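Only one structure is covered here, and it is reproduced in the block below.
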Amino acid sequence: MIIKYFGHSAFLVDIGKKILFDPWLKGNPWVKEPVEVNADYIFVSHSHSDHGLEDAINISQKTDVPIISIFELANYAKQKGARAIGGNIGGIMKVDELEVFLTPALHSSSLGSPVGFIVKYNGKTLYHAGDTGYFAEMKFLGKRFNIDVAFLPIGGTFTMGVEECLFAIKDLKPGFAVPMHYNTFPAIKAEPQRLKEKLKTH
Ligand code: NI
Ligand code: MN
């Protein structure tokens, strides 16, 4: 598995298919020069501009790569000329050979509910939590899925902070936990190394 991090919540994960999550590239302070992204599928967790809906629509318009998201956000993307596949929270959604599960996210969004994504392909299971606070159903997700890599926000203010993320990791039991959504703005300052230290004693 190859994981490319663009900063904030934007990842390109290669698990045999190239999975692009929350591709905020334009205006992302971590992205210093224009990048060409080659993806097979784009996942957008919610409408907030720091999660790349606009970039996703641009990429989809150019390459015909589908955007996968909550129903209302997918409809919006279609209206803008993108290819999009909408679903909702609750069960497996088949997208070609991918198994996709939309998870709840405790957050807000102006296009349908905010979500996270579990993506299964080629024997690998990814969980991108989007923007969320800690929620009790993470226990269920940990039992339902054998998560290899979990991408989890730690910046506080708009999402979980480091302390809450420790509870999330305990519930989700991922092979690897990758922190995201921190240090992009002063309001989401966090120390990812503290997560590592505290995991040893939690
Ligand atoms: Ni947000
Ligand atoms: Mn955000």
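Nothing in this text is a laboratory measurement; each read-out follows from the coordinates by a stated rule. None of these values were measured; they are calculated from a predicted model. Cβ sites come from the backbone with ideal geometry, for glycine too, and all protein chains shown count toward neighbours.
Results, tabulated for the structure shown:
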item: Hits in the stretch 157-202 (condition: aliphatic (A, V, I, L, M), away from ligand 2 (no atom under 14 Å from the Cβ) and part of a strand (DSSP E or B)); result: Ala177, Val178
item: Residues within the stretch 115-134 that are surrounded by 24 or more Cβ atoms within 10 Å (Cβ to Cβ) and within 16 Å of ligand 1 (Cβ to nearest atom), tallied; result: 8
item: The one condition in (1) buried (at least 18 other Cβ atoms within 10 Å of the Cβ); (2) out of contact with any helix residue (DSSP H, G or I) (no Cβ under 8 Å at 6 or more places or on another chain) that Glu137 fails to fulfil; result: (1)
item: Selection from the stretch 102-122 of residues that are assigned to a strand (DSSP E or B) and in contact with a Lys or Arg (Cβ under 8 Å, 6 or more places away or on another chain); result: Tyr121
item: Among the residues listed as Asp55, Asp50, Asp64, the single one being closer than 16 Å to His128 by Cβ, of a type in the set (Asp, Glu) and either surrounded by 23 or more Cβ atoms within 10 Å (Cβ to Cβ) or away from ligand 1 (no atom under 16 Å from the Cβ) (or both); result: Asp55
item: For Lys94: the one exception among (1) free of Cβ contacts under 8 Å to residues at least 12 places away in the same chain; (2) in contact with a Lys or Arg (Cβ under 8 Å, 6 or more places away or on another chain); (3) charged (D, E, K, R); result: (2)
